[in-house]
1. When all protein chains stay in place, what accessible area (Å², nearest 10, 1.4 Å probe) is found for TYR148?
2. Pull up the cross-link candidates among the aspartates and glutamates for LYS438, meaning alpha carbon to alpha carbon under 16 Å and not fewer than 8 places away within one chain.
3. Ranked by accessible surface with a 1.4 Å probe, highest first, in what order do SER37, SER320, SER486, SER469 come?
4. If you wrap a convex hull around the alpha carbons of the chain, what volume per residue comes out, as a whole number of Å³?
5. When the Cα centres of the stretch 53-83 and the stretch 255-292 are compared, how far apart do they sit, in Å?
6. Using θ = phi - 60° and the Karplus relation 6.51 cos²θ - 1.76 cosθ + 1.60, list the HN-Hα couplings for the stretch 147-152 in order, rounded to whole Hz, with x at every Gly or Pro.
7. Can you list the residues, at least 5 places off or on another chain, whose amide H is less than 5 Å from the amide H of GLY397, using H built in the peptide plane?
8. Could you pull out the trypsin sites (Lys or Arg not before Pro) across the stretch 130-176 that fall in loop regions by DSSP (anything but H, G, I, E, B) with no more than 15 other Cβ atoms inside 10 Å?
Amino acid sequence: MKSTITIFLLLISTLSFSQKNDFKFGKPSEDNISLISVPFDKNADAVILYEEGTMDLLPANYRLEVKRRIKILTEEGVKQSIIKLNYYSKNKDESISGIKGNTINNVNGEMVITPIDSKEVFDVNINELYSAKTFTFPNVKVGSIIEYTYVKNSQHNFSIDAWNFQHDIPTIFSEFNLNNSTYGGYSIITIGDDLNTKYRSKKDNTSKWILNNIKSFNDLKYVYNPEDQSERIKLQADNYHTDGGTKNTFEAWKKLINDLNNEYISNRNNSFVKDIAKSIPDGKDEEETLKNIINYVDSNVKWNHFYSIVPRLTNRALVSEKLGNTADLNLLLNELLLAKGFKSHLVLYSTRDHGQLRIGYPFINQFNSVMTVVELKNGLPIILDASKLNREQINYGPLEAFNYYGVILKKGDANFVKLAQRLSSYESVMNYQFLKDKIILNRQDSFNGYFYNKNAQDEDVLKYYLTESLDTQFDIDDQTKLTYKSDKYVKSYKSENKIVNAPFYTFISPLREFLKQYTFDDKNRERNIEFNFPYLFNINTKFKIPEGYEIVLDDKFKAHHKSDLGLEYYQDVKLKDNQVTIIYQFILPEGVFEVNKYGKLKSFFDQIRVESNKEVLMKKK
C-alpha cells in the first residue's frame, strides 16, 4: 500500500461507552440483553451493538464477510428489521450469498431465537445496474436483538467502498479487517474525524481499524450528503488498469470520458434536431431565444425520474416517446442549443444525494447524471438540467447540481469545471397600522433563486424563512397568489389582530428563528463547511407610532458586523416624523467555505445570533 489519503469529517462523541466486543452467533452478551438506551445518543430508536467486516482483497476481485448485531429500542426502531443489501448486478459482477440471521427475544428470562427463513430472502431489481437482497426479521418488537451475516463477492476492485463505521443509527462497536493479497498498490482513503485522529500516526500497512461509540451520520452538520461524508474507508487502486497495461489518472479520465462520449454520438440525429430547431422561433435577443428552446423541451418531453449518464434513446425516439432519463433529455436540449447557434456543453456531475466527486480517482460510477451548460455572448454560463427546467428562473440550475465539480463530456483531455452557485435574494416589507379597533399588517415579500420552492404550499411559502416582526398572532384576511414579475417571485397578504391598546408591543427580528439553526459545535472540524446556497436578506418593518405610545430606543440595538469572508449583517432603527423603520440586512456570499474558515464562521454567527435576539419596544407613555 502507498500513502494514506485523509479526509476529515465531523463526529461528536466524547462519552465513553463500551460493551463486550464479541460475536457468537445466537449468543448475545448480558450487556446486549440489558441495554435499553444509548448513553451517547439518548434519542436513538435502535443501535448497532457490534459489527465486523473482513475483506480479502485479491488481484482480480474481493470478498467481504459481514457480521452485524442490532438492538431495537423503540417502536420506530422496528423499521431496522427490514434489511436491504445492494450490489452491482450487471454482468453478474457482484453477488451476495451466505445470508443467515436471527431474531432474539427475551421471554420470561429465556432467550427465544427465531431464524430467518431462506425462502423469505428475495432478490429485487433496483435498476439496470443494481439489485438488492432483501429480507425482514420475524417476531421483532421493542427489546428484540437482530443479527445477521453475509458475504459479498465483487469483480470491482479498482475503487471500493470498503467499510462504513457510521450509519443512520448509532454504533457501539465497529471493526474492519483488510487482508491485501494484490500485486499493485492501493491507497486507503480514511474519512472521518474519529478515524483519522485515532490512526493518524499509524503506518500505512494498517490492516485493522476499530471505532467505538459512533453517533448517527444524521447528526453531521453543514454537509451536502451526511452518508457520503460519514466515518468510512475507501480503497483505491493507485493506477487505472486497462488493455493489459496501466495509465495515470488523467489518461484514465480521458479514456473513460471519450468512451462515454461515443455513447452520445450514436444517439444524435442531426438532421432531425435541425428541423426542430427551425420550428423554434428566434427571440429579440439570445436570452429570449434560449427561453423559447427551454419552453419547447419542457413542453414536449418529460423526465422518467431515472438519473443516468448514458442516453437510452436517440433524439428522434425521445421526441416520439416523450419520456426519458436525464441523459436523454439533456442530449436533446444540448443538440437544440447547438443547432440554434449557442455555445453549449454536456457536463457529467454527481448530485448531492449521490456523493462528492473525487477527481483523483477515475471511476465513472462517481457520476450519476448530466447537465447542460450554455454560454451566452456576455460570457455568462447558465446551468440547465432538462429534467428540471424552470421557465422563469433560467439562471438558477437545480440545487442538487452544485456539488463542487463536473467534467465536460467531449473528446480530448478531461476538462473539470467548478460548479458555482448564484446568489439568491429575499426582500420583505412588513407595514403595520395601529387603528382604534385593530392592527393591520400589510406584508409583501419578493425573492428569487433557491428561496423559491415549487413544491411549497402557497399559503406557507412566506413562513419558511421569516417570521413576522410583531410578536403576536395575526389572522390572514386577504392574500395574493404567488406570481413572477421583474425577475422575482412576489407574494403579499393583509392580516389583522384585534388586540388593541396593549400596554406594550414587542417587535422581534424576522430572522431570529432562521439564525438559530447556525450553531458551530465541532471540536476538530477538518472538512469544508457546506451551506445549502448563498443568499441575501433585506427586510424592513414599518409602522407609525400611534397616539399615546412611544418607542424605547436602545443604543445597543444598532449592529453592523462584517467578516473578511464576505459575510455582513446589519440592523438599525430609523425614526422620522413619527414613522419607524426597522432594517435588517444579511449576506452569506458563498455556498462552501474551506475548513480553515470554521473559526471565523463560528465567531460571526455567534455574534449575529445575539444581535437577532434584541427587540424594539413600543409602550404606552
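The values are calculated or read from the model by the stated rules, or taken from the named source; none is laboratory data. None of the values given here were measured: they were computed from a predicted structure. Methodologically, a virtual Cβ is constructed for each residue, glycine included, from the backbone with ideal geometry; neighbour enumeration extends over all protein chains shown. Please note that ligands, DNA and RNA were not included when accessible areas were found on the heavy atoms of the full protein model with its side chains. Shrake-Rupley method; radii C 1.70, N 1.55, O 1.52, S 1.80 Å.
1. Its heavy atoms expose roughly 10 Å² to the probe.
2. ASP471, ASP475, ASP477, ASP478, GLU496, GLU547
3. On the way: SER37 45, SER320 90, SER486 110, SER469 0 Å².
Descending accessible area places them as SER486, SER320, SER37, SER469.
4. Hull volume over Cα atoms, normalised by residue count, gives 207 Å³.
5. 46
6. 9, 7, 9, 7, 10, 10
7. ILE383
8. Here the trypsin sites (Lys or Arg not before Pro) that fit, given the DSSP loop and packing criteria, are LYS141.
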